[in-house]
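A.B. asks: Here's a structure for you.
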Amino acid sequence: MAIGHLAQIVLAESIKLQSRTSARLGWVMFVLLGIGVPVMLGLLGTAPVEVNGNAVGIDTSPANGVRWSLMVRNFYIAQAFVLLLASVSFAGEFQARSLREDLVRPVPRWALLLAKWGAVGVWAAAGLVVQWLVAVLVSFLALSGTGEAAWSDVFLGFLSTWITDMGFAAVVFAVATLTRTVAGTITSVFLFLVLERVVSWSLTIGKGLRDSLTPDLTEQIPAAIDWMLAAGPYLPSNGWAVWSELANGVDPSWQAWLVLVLTTTIGIVVAERRFAATDVP
């Protein structure tokens with residue numbers, strides 16, 4: 001298939017996706033975050049903040065205002081919209097039996113799936129650009145302080161956010177092709193995120209307890225437990241959080257990038273294979 005033809009399909013899917021109320025609400029939410037977060041940071045910067053009787057300074061630089069706008073966006077807000085949009089894009093159309101209309105065209109199934117994934121990516125990229133522009137403008141108007149936040153780090157945080165959004169969307173599409181229902185997809189991904197968080201917290205607590213033991217007691221811990229405690233960096237959420245480290249000026253670990261690449265690849269491969277074997281009514 002020619003790249004131009006695939007681009008036309010992505011454009012058609014993007015227009016269809018943007019016509020959904022949830023997609024438009026997502027854009028509104030990102031604009032509000034671009035406005036509200038820097039303003040709130042400015043208000044906090046003028047209020048006296050003390051910890052244990054000592055004054056604590058707040059970074060009220062424009063760069064930090066934009067960075068916090070991104071951090072609030074990525075505190076499950078963006079994931080919720082990506083989850084909903086990816087679910088309705090495939091599972092919703094499958095349930096409504098409108099997916100058959102797309103297959104009437106001489107388009108390979110893998111291209112249609114890739115176009116739907118790309119449409120979510122276009123929506124996420126456009127939302128990030130809009131939020132960046134709004135947050136930068138409002139931050140320069142509402143904030144005038146100085147701090148340690150660097151514009152280059154904030155920009156990398158926004159850029160890597162789009163990559164992590166695409167990785168998360170790939171997993172959602174894989175689940176959608178397995179459940180074929182919007183409710184099933186949302187419930188399954190939500191339960192997975194909750195379980196993954198519980199596992200992550202358990203590993204963190206377990207590793208802390210292990211490190212607090214004396215060397216004699218540490219040697220008595222079975223090797224299998226050590227392997228389990230070392231699995232934390234390989235959890236999916238670690239890959240989806242590379243944006244946070246970059247936005248804060250920290251280089252993500254190689255495990256984070258590896259997990260992100262693997263989960264994205266597995267998600268797309270599973271989605272394509274399941275879609276290829278699915279009988280679309």
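The values are calculated or read from the model by the stated rules, or taken from the named source; none is laboratory data. Bear in mind that the values here come from a model prediction, so they are computed numbers and not experimental data. Cβ atoms come from the backbone with ideal geometry, glycine included; neighbour counts cover every protein chain shown.
A.B. asks: Could you tell me whether Thr164 is under 15 Å from Gly267 (Cα atoms), part of a helix (DSSP H, G or I) and either acidic (Asp, Glu) or at pLDDT 95 or above (or both)?
C.D. replies: Answer is yes for this residue.
A.B. asks: Hey, which of the helices (runs of 4 or more DSSP H) in the stretch 49-140, taking only ones fully inside, have at least 1 residues that are at pLDDT 95 or above and of a type outside the set (S, T, N, Q)? Show your work before the answer.
C.D. replies: Numbers: elements: 62-73, 77-87, 93-96, 99-104.
In the stretch 49-140, 62-73, 77-87 are the helices (runs of 4 or more DSSP H) which contain 1 or more residues that are at pLDDT 95 or above and of a type outside the set (S, T, N, Q).
A.B. asks: Of all residues in the stretch 85-95, how many are surrounded by 21 or more Cβ atoms within 10 Å (Cβ to Cβ) and over 19 Å from Val270 (Cα atoms)?
C.D. replies: Matching residues across the stretch 85-95 total 0.
A.B. asks: Please work out which residue is farthest from Leu114 (Cα to Cα), limiting yourself to the stretch 261-281 and to residues that are out of contact with any helix residue (DSSP H, G or I) (no Cβ under 8 Å at 6 or more places or on another chain) and charged (D, E, K, R).
C.D. replies: Asp279
A.B. asks: Having 2 or more residues that are out of contact with any strand residue (DSSP E or B) (no Cβ under 9 Å at 6 or more places or on another chain) and closer than 29 Å to Val72 by Cα is the bar; report the helices (runs of 4 or more DSSP H) wholly within the stretch 181-254 that clear it. I'd like the intermediate steps shown before the answer.
C.D. replies: Numbers: elements: 182-211, 215-219, 223-229, 236-240, 242-247.
Counting at least 2 such residues, we get 182-211, 236-240, 242-247.
A.B. asks: Of all residues in the stretch 96-149 being of a type in the set (Lys, Arg) and surrounded by fewer than 19 Cβ atoms within 10 Å (Cβ to Cβ), which is farthest from Phe275 (Cα to Cα)? Outline the logic, then answer.
C.D. replies: Taking the stretch 96-149 as the starting set, the residues that turn out to be of a type in the set (Lys, Arg) are 97, 100, 105, 109, 116.
Those still in the list that are surrounded by fewer than 19 Cβ atoms within 10 Å (Cβ to Cβ) too: 97, 100, 105, 109.
Working: Arg97: 14, Arg100: 12, Arg105: 16, Arg109: 7 Å.
For the stretch 96-149, the residue satisfying everything is Arg105.
A.B. asks: Quick check on Val172: is it within 17 Å of the chain's Cα centre (by Cα) and assigned to a helix (DSSP H, G or I)?
C.D. replies: Numbers: within 17 Å of the chain's Cα centre (by Cα): yes; assigned to a helix (DSSP H, G or I): yes.
Against the criterion (within 17 Å of the chain's Cα centre (by Cα) and assigned to a helix (DSSP H, G or I)), Val172 qualifies.
A.B. asks: Can you name every residue in the stretch 218-260 that is out of contact with any helix residue (DSSP H, G or I) (no Cβ under 8 Å at 6 or more places or on another chain) and farther than 20 Å from Arg197 by Cα?
C.D. replies: Across the stretch 218-260, the qualifying residues are Glu219, Gln220, Pro222, Ala223, Ala224, Val250, Trp254.
A.B. asks: Right, next: Here is a list of conditions, (1) assigned to a helix (DSSP H, G or I); (2) touching a residue at least 40 places away in the same chain (Cβ under 8 Å); (3) more than 14 Å from Asn74 (Cα to Cα), and Thr146 meets all of them except one; can you say which number that is?
C.D. replies: Going through the list (1) assigned to a helix (DSSP H, G or I); (2) touching a residue at least 40 places away in the same chain (Cβ under 8 Å); (3) more than 14 Å from Asn74 (Cα to Cα), Thr146 breaks only (1).
A.B. asks: On to the next question. Condition (residue is touching a Pro at 6+ places or on another chain (Cβ under 9 Å), closer than 22 Å to Leu178 by Cα and modelled with pLDDT of 80 or more) applied to the stretch 245-260: is it met by at least one residue?
C.D. replies: Checked the stretch 245-260: at least one residue is touching a Pro at 6+ places or on another chain (Cβ under 9 Å), closer than 22 Å to Leu178 by Cα and modelled with pLDDT of 80 or more.
A.B. asks: Within the stretch 145-191, which residues are aromatic (Phe, Trp, Tyr) and within 20 Å of Ala124 (Cβ to Cβ)? Spell out how you get there, then give the answer.
C.D. replies: The first filter runs over the stretch 145-191 and keeps only residues aromatic (Phe, Trp, Tyr), leaving 151, 155, 158, 162, 168, 173, 190.
Once the filter is applied, which keeps residues that are aromatic (Phe, Trp, Tyr) and within 20 Å of Ala124 (Cβ to Cβ), the stretch 145-191 yields Phe155, Phe158, Trp162, Phe168, Phe173, Phe190.
A.B. asks: Which residue, of Leu103, Leu133, Leu128, is touching a residue at least 24 places away in the same chain (Cβ under 8 Å) and over 23 Å from Gly42 (Cβ atoms)? Before you say what the answer is, go through the steps one by one.
C.D. replies: Numbers: Leu133 fails: over 23 Å from Gly42 (Cβ atoms); Leu128 fails: over 23 Å from Gly42 (Cβ atoms).
The match here is Leu103.
A.B. asks: What are the residues in the stretch 56-114 that are at positive phi and either touching an Asp or Glu at 6+ places or on another chain (Cβ under 9 Å) or among the hydroxyl-bearing types (Ser, Thr, Tyr) (or both), if any?
C.D. replies: The initial filter retains those residues of the stretch 56-114 that are at positive phi, namely 76, 97.
Hit for the stretch 56-114 is Tyr76, nothing else.
A.B. asks: Name the residues in the stretch 258-279 that are in a helix (DSSP H, G or I) and surrounded by fewer than 16 Cβ atoms within 10 Å (Cβ to Cβ), would you?
C.D. replies: Across the stretch 258-279, the qualifying residues are Leu258, Val261, Leu262, Thr265, Ile266, Val269, Arg273, Ala276.
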